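The values are calculated or read from the model by the stated rules, or taken from the named source; none is laboratory data. Everything numeric here is computed off the predicted structure, so don't read it as measured data. In this analysis, Cβ positions are derived from the backbone assuming ideal geometry, glycine residues included, and neighbour counts consider all displayed protein chains. Protein only, heavy atoms only, side chains kept; ligands, DNA and RNA dropped before computing areas. Shrake-Rupley method; radii C 1.70, N 1.55, O 1.52, S 1.80 Å.
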Protein chains: 4
Amino acid sequence: MSGSVFGKEFTISTFGESHGGAVGVIVDGVTPNIEISAENIQKELNKRRPGQSKITTQRDERDMVKILSGVYEGRTTGVPIMLVVFNKDAKSNAYDNIKDLFRPGHADYAYLQKYGIRDHRGSGRASGRETIGRVAAGAIAKKILKEKYNIDITAYVVNVAGIKAQKIDYSEIENNIVRVADKDVAEEIVAKITELMKQHDSTGGIIECNITGVMPGIGEPTFDKLDADLAKAMLSIGAVKGIEFGAGFGVAEMSGSENNDWMDEGGFQTNNAGGIIGGISTGQDIVFRVPVKPTSSIAKPQPTVDINGEEVVCETFGRHDPIIAPRAVPVVEAMAAIVILDHIKRQKALHA
Amino acid sequence: MSGSVFGKEFTISTFGESHGGAVGVIVDGVTPNIEISAENIQKELNKRRPGQSKITTQRDERDMVKILSGVYEGRTTGVPIMLVVFNKDAKSNAYDNIKDLFRPGHADYAYLQKYGIRDHRGSGRASGRETIGRVAAGAIAKKILKEKYNIDITAYVVNVAGIKAQKIDYSEIENNIVRVADKDVAEEIVAKITELMKQHDSTGGIIECNITGVMPGIGEPTFDKLDADLAKAMLSIGAVKGIEFGAGFGVAEMSGSENNDWMDEGGFQTNNAGGIIGGISTGQDIVFRVPVKPTSSIAKPQPTVDINGEEVVCETFGRHDPIIAPRAVPVVEAMAAIVILDHIKRQKALHA
Amino acid sequence: MSGSVFGKEFTISTFGESHGGAVGVIVDGVTPNIEISAENIQKELNKRRPGQSKITTQRDERDMVKILSGVYEGRTTGVPIMLVVFNKDAKSNAYDNIKDLFRPGHADYAYLQKYGIRDHRGSGRASGRETIGRVAAGAIAKKILKEKYNIDITAYVVNVAGIKAQKIDYSEIENNIVRVADKDVAEEIVAKITELMKQHDSTGGIIECNITGVMPGIGEPTFDKLDADLAKAMLSIGAVKGIEFGAGFGVAEMSGSENNDWMDEGGFQTNNAGGIIGGISTGQDIVFRVPVKPTSSIAKPQPTVDINGEEVVCETFGRHDPIIAPRAVPVVEAMAAIVILDHIKRQKALHA
Amino acid sequence: MSGSVFGKEFTISTFGESHGGAVGVIVDGVTPNIEISAENIQKELNKRRPGQSKITTQRDERDMVKILSGVYEGRTTGVPIMLVVFNKDAKSNAYDNIKDLFRPGHADYAYLQKYGIRDHRGSGRASGRETIGRVAAGAIAKKILKEKYNIDITAYVVNVAGIKAQKIDYSEIENNIVRVADKDVAEEIVAKITELMKQHDSTGGIIECNITGVMPGIGEPTFDKLDADLAKAMLSIGAVKGIEFGAGFGVAEMSGSENNDWMDEGGFQTNNAGGIIGGISTGQDIVFRVPVKPTSSIAKPQPTVDINGEEVVCETFGRHDPIIAPRAVPVVEAMAAIVILDHIKRQKALHA
């Protein structure tokens, strides 16, 4: 099956590159008779939109979504929902200077090797705009999860440039431009990013995601473990370089007696597993973290080679985000929602 | 598609639980006319076999593989290869004491919630024996990768209980019982494990995997990114709790100018990406690390509840490995091989 | 995987219903660096377009296709190609009279039972407009098959209302409005259809499809037999009620010695198998036939029930084709092309 | 996904060839907590077994099935069920005379072209023994369909060598060796077959399948139409050359007013659609027919070529069935059951 399709029972197919006509997604397997509107979807898209603040690119991309099918009189009909965001006519000659070179940190070289042809404008399919379809589809999944199962998915930034959140207060997440759930640390992080911007550089970060309300028993025991599918979903986001659940990499330094989660009459008392054991949800919160790499496009001149292998200097013009992590937060939530809903549907199928 | 099937063009379907009749795998999409023998496969299986050393369980499981189809006169015919390892008649009443309780760290509770019925003997499908099929199938993938593409996949333990390898010397890996590629550190680790065994406890570890020889251009750009599929493959291994590629979680503390890999006339000069950018291989080594949790079954009595929610003490008898990581090494290699070969096949399909 | 996705390596995802915003398709797995233009695709779409002749509906649907992604400077880039045809703003109140009843021969009742909600306008997703995405995607597949492999796919009508073609002359197919490859019989058929139109009735027909140039060895031996996948592809076209390959239903009355195709030094001398044995192409022409049911919407008043189970009369206004088969010809060709190309790609993957 | 896997939520993976070690199937997605025994499965296998009567081959293949996983204390646990039938040690040198030639009507030539290597013994993977896994898996599906949904699937032969059943009396099916549901016609058919055997020849036939009790609303509206998936399932059976639903090929000669099924207060009054409209079940009986080709292996000497293209005479020794259709009856039922159960599970997933 094509690599642009994801999910088994709740399925998304995305398309679109930075400077083509549009980006979007077909969402299939949608529960029928659910209220859905363009506004519901737009609300999520606005979280990943550029131009939100001084640390996001000032390119004016409105990213207004249209529903082209699958919704009738405000309700899902059960057939595929097509969501599209048209690209504005962008000046693609703005990219002429990078046409024949490989930008450091970008997929330019890998794409040319893969396809033998490359749409270099704005990174083509490797552009962050590819995530629009994911967030749009995820908005539908989130709404179904909340309405039918009271499941909440919340992601937030916990580490930027080594500065770590000291507490988690959900009410703070949307109050600061870095989506850190700790007001004081958020301010410190913004100051650090401002400094990096002056140096024409960027920084990485870590996103944590917490999912509450998932019933126990979701996930398949072998290859389609719930954590395996979440891992794939997260690593499929361009800038994500890893994932860990619960105690994560910390298990390397733990003993079994420390790491084993134990139960008493009140249920589970610890959650080192991150809510999933043997690939199956335990009913506890599902908790994972993903590292997000620094923006590759920086204003600093960088050495590289061109398509003939000759050494050149790469200069990237225009405004670019000095950090990806805050805008990746809604993408993480969207992909998590798609995986959880897909697995709930599969569990229903198993028992039929 | 069922959660027991993995891969798109090189596909494995596994079956079997700890105390059923057998465990095994159907491997499909196998390149025809490749020499393969039970010995080729057995060699890999022996690496994950229990009873290899004083730190692996002394249960006598021979795990002799049989080829039931798909090979004719020592060569693959292109049709499904069935590989089976019969379980010995085990005394399943050895598990009677845990029949009605939930062992800490095990999937007992999650399975019962999922299925409403549970084969408690030796963890059933959640048993480590489930990986036999993976290693057997991976042996075929590794052989094809080596013979047709000169691709090598090497995994080894780099951290146990906080003790970290200081160098990587492949020739040492099979010389010590913890598969650490650093002779001196290996000895230190064995001493630490011996101490933990006396305390009736276990420990976690970290495995690193290095893949050389993968041509650039492998991997799909959206959901089936090469790193996304490797992540899924790794997280589908029971005890694995995370993954990171290249600089991994370290990117959180790096700037863009530090993290961006750069090229000169000699090609790539750094590999923070771990050999994959935008989901596509760059031709560099593919490098990732996975944390492996401590063995859940420990001899120490542990508090838990039974299926009626009443508090009881869990006592696990018999011998269990004090660490999973060294025996997970061949499983990591096998799953990596399956993903790489699958994606090479998909790249050929794309260009047809 | 969702039921709106078809194909494994050359994959199409369709969306859209009669009166939503648009219909279309995402095509993935497209060979990179192939020349493609909207004109190439439009040419095929025009064959299924309404309003072609007096026997096709006079609704004015221009069905102009747009390429929204995956093509750069006139060439495929290897990433998903999005093809869309916007629906005109149709007066959907034209369907108010059928909103609450089940039209005979239509999927109204089945859809309502399936989804519990129904977009009744113009049959919604069950509309023939759903085939636009198939034909558009098939145009790409046909072009690749012709340019890279010199494979030709030709479908034509061989039987309408019991009047059967007596010869097959490809040059006649587009010379008559019923796409019959026999000039004289075509005239007879048009006269018969004209008569049925006067009676406010419709008729069924049979399409034959002939595929030349497929190399031997294409198709998978078990479930994804080439004929099995072609059968699924054809039966997935709304009005198609069956399929037969080569001698087809005639084999029931043949002996083995009659039916067995035999070879001499010149290769195969007969083709009762229709070009596929054991699910795999033999290198001969692939030949199959499909029956296409009569148009369900007829002007004649028909008895039926409404959603309350009460008996009512169904009257269908507007113009409807008196026969589906001629407009289904390009759909048959498109689906056949998609299956053949998909299997050629899979064969390349197998041998990698 | 590999061509040896079928179904999305109820999934079967088959393996095995005529003269390998075994044939069998992994069944996944099985509803947990269903009683199942080897006897339940054996009963269905016995219907396809050779040696049942004078018109089936006298080769002594016991085909005793073993359950190797997924069943615990007589109940399904929800994890994969492995069913295996070991092949007897057959004298494979019995096939030496056909090793280098292409038997008429067999897939020998196609397989060699596909794979470049061929296991010629007993047709290898193209052997009818491949259907054992299907029938075994189908036995589980049939049991679940009957117990949970009261769905019955009944197939029977309706035409052999042009001699057609005149009535359908289910109670007669197992009373005669050709599985014709018409006692008198069955006798006539047996006489005809006996005559063909004397001529060292074989004959084709037509099987009809009738499925009662399927709720309305099953099937997906686009590519995974219920009839499309049944068509694929049936054409994936080696000897089947076509399929038609309800009025089938007859629609070519019907008018819309004749063909449209109509409803009154008592529900549907006709069933030309064969129980499926728009790809979705209507709640009526699902009815289809498939033509089954004559046995290719006949005792008559036949001209052919060898692998060097030289003309030779093919002589097939040993006993072969003079007709395939009666033994294909349980295979048709099995594949139908798998499709129906798979789609019921998918419908549950859609509404979650």
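What the table below lists for this structure:
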{"read-out": "Residues located in the range C:1-58, provided they are of a type in the set (Ser, Thr, Tyr), over 21 Å from A:Val25 (Cβ atoms) and touching a Gly at 6+ places or on another chain (Cβ under 8 Å)", "value": "C:Ser18, C:Thr31, C:Ser37, C:Thr57"}
{"read-out": "Meets criteria (away from chain D (no Cβ under 12 Å) and of a type in the set (Lys, Arg)) for C:Arg327", "value": "yes"}
{"read-out": "Qualifying residue in the range A:204-224 (condition: without any contact (Cβ under 8 Å) to a residue 24 or more places away in the chain, in a loop (DSSP other than H, G, I, E, B) and surrounded by fewer than 24 Cβ atoms within 10 Å (Cβ to Cβ))", "value": "no"}
{"read-out": "The range A:310-323 residues that are more than 10 Å from A:Leu101 (Cβ to Cβ) and hydrophobic (A, V, I, L, M, F, W, C), paired with ones that are open to solvent by 20 Å² or more (accessible area, probe 1.4 Å) and outside any strand (DSSP E or B) (beta carbon under 6 Å, 6 or more apart)", "value": "none"}
{"read-out": "Tally, over the range D:91-115, of residues that are free of Cβ contacts under 8 Å to residues at least 24 places away in the same chain, part of a helix (DSSP H, G or I) and under 22 Å from C:Asn260 (Cα atoms)", "value": "7"}
{"read-out": "Residues satisfying the stated conditions in the range B:139-150, i.e. surrounded by 15 or more Cβ atoms within 10 Å (Cβ to Cβ) and over 18 Å from the mean Cα position of the chain (by Cα)", "value": "B:Ile144, B:Tyr149"}
{"read-out": "Residue list for the range A:270-302, restricted to those being more than 30 Å from A:Ser257 (Cα to Cα) and touching a residue at least 60 places away in the same chain (Cβ under 8 Å)", "value": "A:Val292, A:Lys293, A:Pro294, A:Thr295, A:Ser296, A:Ser297, A:Ile298, A:Ala299, A:Lys300, A:Gln302"}
{"read-out": "Residues satisfying the stated conditions in the range D:254-277, i.e. open to solvent by less than 20 Å² (accessible area, probe 1.4 Å) and either hydrophobic (A, V, I, L, M, F, W, C) or facing chain C (nearest Cβ under 7 Å) (or both)", "value": "D:Ser255, D:Gly256, D:Asn259, D:Asn260, D:Asp261, D:Met263, D:Ala273, D:Ile276, D:Ile277"}
{"read-out": "Residues of the range D:292-324 classified as surrounded by fewer than 20 Cβ atoms within 10 Å (Cβ to Cβ), of a type in the set (Gly, Ala, Ser) and facing another protein chain (nearest Cβ under 9 Å), total", "value": "1"}
{"read-out": "Candidate set from the range D:15-47 (those that are part of a helix (DSSP H, G or I) and open to solvent by 10 Å² or more (accessible area, probe 1.4 Å)); member that is nearest to the other protein chains (Cβ to nearest Cβ)", "value": "D:Ala38"}
{"read-out": "Residues (more than 10 Å from chain D (Cβ to nearest Cβ), more than 12 Å from C:His19 (Cβ to Cβ) and open to solvent by less than 20 Å² (accessible area, probe 1.4 Å)) located in the range C:91-130", "value": "C:Ile98"}
{"read-out": "Number of the exception - D:Glu333 against (1) facing chain C (nearest Cβ under 8 Å); (2) acidic (Asp, Glu); (3) open to solvent by 10 Å² or more (accessible area, probe 1.4 Å)", "value": "(1)"}
{"read-out": "Any hit, the range B:205-228, residues being at the interface with another protein chain (Cβ under 7 Å from one of its Cβ atoms) and closer than 22 Å to B:Val180 by Cα", "value": "yes"}
{"read-out": "Those residues of the range D:278-291 which are open to solvent by 10 Å² or more (accessible area, probe 1.4 Å) and over 15 Å from D:Cys209 (Cα atoms), in sequence order", "value": "D:Gly278, D:Gly283"}
{"read-out": "Any chance C:Lys232 is within 7 Å of chain D (Cβ to nearest Cβ), touching a residue at least 24 places away in the same chain (Cβ under 8 Å), open to solvent by 10 Å² or more (accessible area, probe 1.4 Å) and under 23 Å from D:Ile277 (Cβ atoms)", "value": "no"}
{"read-out": "Residue within the range B:67-81 that is among the basic types (Lys, Arg), touching a strand residue (DSSP E or B) at 6+ places or on another chain (Cβ under 7 Å) and farther than 30 Å from C:Phe6 by Cβ present", "value": "yes"}
{"read-out": "Restricting the range B:156-185 to residues that are out of contact with any Gly (no Cβ under 8 Å at 6 or more places or on another chain) and of a type in the set (S, T, N, Q), the residue that is most open to solvent (accessible area, probe 1.4 Å)", "value": "B:Gln166"}
{"read-out": "Meets criteria (among the polar types (S, T, N, Q), under 27 Å from D:Gly275 (Cα atoms) and modelled with pLDDT under 95) for C:Ser92", "value": "no"}
{"read-out": "Qualifying residue in the range B:280-291 (condition: within 7 Å of chain A (Cβ to nearest Cβ), of a type in the set (D, E, K, R) and out of contact with any Pro (no Cβ under 8 Å at 6 or more places or on another chain))", "value": "no"}
{"read-out": "Residue in the range D:48-59 that is farther than 30 Å from D:Lys192 by Cβ and within 14 Å of chain C (Cβ to nearest Cβ) present", "value": "no"}
{"read-out": "In the range D:186-203, the residues that are away from every other protein chain (no Cβ under 12 Å) and open to solvent by less than 10 Å² (accessible area, probe 1.4 Å)", "value": "D:Ala186"}
{"read-out": "Qualifying residue in the range C:52-62 (condition: at pLDDT 95 or above and not polar (S, T, N, Q))", "value": "no"}
{"read-out": "Near pairs, Cβ below 6 angstrom, 6+ apart or cross-chain, from the range C:65-90 (open to solvent by less than 10 Å² (accessible area, probe 1.4 Å)) to any residue that is among the charged types (D, E, K, R) and part of a strand (DSSP E or B)", "value": "C:Pro80/C:Asp28; C:Val84/C:Lys66"}
{"read-out": "Where a residue in the range A:16-41 is acidic (Asp, Glu) and its partner, wherever it lies, is open to solvent by 30 Å² or more (accessible area, probe 1.4 Å), with Cβ under 6 Å and at least six apart", "value": "A:Glu35/A:Gly74; A:Glu35/A:Arg75"}
